[in-house]
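Working notes for the structure below.
Derivation of every value follows stated rules applied to the coordinates shown; laboratory data play no part. It should be emphasised that the depicted structure is a prediction, and the values quoted were computed from it without experimental measurement. Please note: Cβ atoms are built from the backbone with ideal geometry, for glycine as well, and neighbour counts cover all protein chains shown.
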Amino acid sequence: MALPQIPIGLELIVAVPGVFILLLVFLVWFILDLKKLAPEAFVFRKCRKKDLAALEVEDIGSGHCRLIVGEKDKNGDPIFRHPDDPTQLVVDPTYLHNTKPRYWGNGLSIWHYASSQWQPMTTINALGLNTCKKVAKQYFPELLFMTDRDLMTFAKMRRDHLKHNVNAVIHKYQPEWDDDENTPITHDEVYNAVIEYQEALKKKTIDTGIVAWDAAFAMNPITHLVQDLAEIKVLIEMKVRSEFEKKLQWMQYGMIIAGIIGVTGIVIIGMMVFA
């Protein structure tokens, strides 16, 4: 018994491929439009899919930001790989202290970096720096001759380093009181003010408000602190040691292969000589 024939009109034959082509064109247009207007979507997707951190890198001054995937050359590497500038150091903050990412849900975490600094900053860090500056302005006029970064450096400086560094800033800025005689601000006045400033900050809670990332990064004294430089030294040594061990392993493999080839060659030559 023959199967019934279903007539297919010319319109259907033309319409099906036409709809398919239109859907394909729309899909290509949507992907290109998404890549142009929302390139961050691809970064978020890759980070969530591969359980990687996203790095928000801000250029100090212009305020321009870029979102990149926190990829590494290999697992356990203490430094993220920068996609455009291999010489730029972007340290994985999980190897450091007192820094937490911003969590965006569904397994996505974002670290906020400045293009000129290797350690990220959180909203709490930014608000904390702003609070430190506000306390100095309100209660310690002896310290207002300093730059914001100098001020933040003294806020967390060890007591046994204070005298030398107070001498350095006084020699650099030659500060004076804002009076009729322009009386110089003395070493003891600055030294005692710094100690009182540090004690006041220990009791001060962080003020909330709008986060000015540019200003916070500009105040951040991280590149001036010995302990921070010691941390980065250790991290770089870890990476260099890892790379050296990897190359040494390949050299060992090469020597083994060369030895096998050499022994095989000697055996073949010996067989040819004594044949």
- [ ] Would you mind classifying the stretch 14-58 by shape? Square roots of the alpha carbon gyration tensor eigenvalues, ordered a ≥ b ≥ c; an a/c under 1.5 is rounded, otherwise it is prolate if a/b is larger than b/c and oblate if not.
- [x] oblate
TODO: Starting with the highest mean, order 122-129, 59-66 by the number of other Cβ atoms within 10 Å, averaged over the residues of each peptide.
DONE: 122-129, 59-66
Task: Phi to ³J(HN,Hα) by Karplus 6.51 cos²θ - 1.76 cosθ + 1.60 over the stretch 131-145, Hz, x for Gly, Pro - done: 5, 4, 5, 5, 4, 4, 5, 7, 10, 10, x, 5, 9, 6, 6
- [ ] Starting from the stretch 102-152, pick out the chymotrypsin sites (Phe, Trp or Tyr not before Pro) whose DSSP state is loop and whose Cβ has at most 14 other Cβ atoms within 10 Å.
- [x] none
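All other residues with a Cβ under 14 Å from the Cβ of Cys132 taken together, and with Lys, Arg as +1 and Asp, Glu as -1, what is their net charge? Don't skip to the end; give the middle numbers.
Values: positive: Lys133, Lys134, Lys137, Arg149, Lys156, Lys202, Lys203, Lys204; negative: Asp148, Asp150, Glu196, Glu199, Asp207.
Summing Lys and Arg as +1 and Asp and Glu as -1 gives +3.
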TODO: Order these peptides, 197-203, 40-46, 24-30, by their mean beta-carbon neighbour count within 10 angstrom, highest first.
DONE: 40-46, 197-203, 24-30
Task: Sparsely packed GluC sites (Glu not before Pro) within the stretch 93-195, loop by DSSP, other Cβ within 10 Å at most 10 - done: Glu181
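Which of rounded, prolate or oblate describes the stretch 123-219 when judged by the alpha-carbon gyration tensor and an a/c cut-off of 1.5? Please list the in-between numbers first.
Working: a/c = 1.91, a/b = 1.65, b/c = 1.16.
Verdict is prolate for the stretch 123-219.
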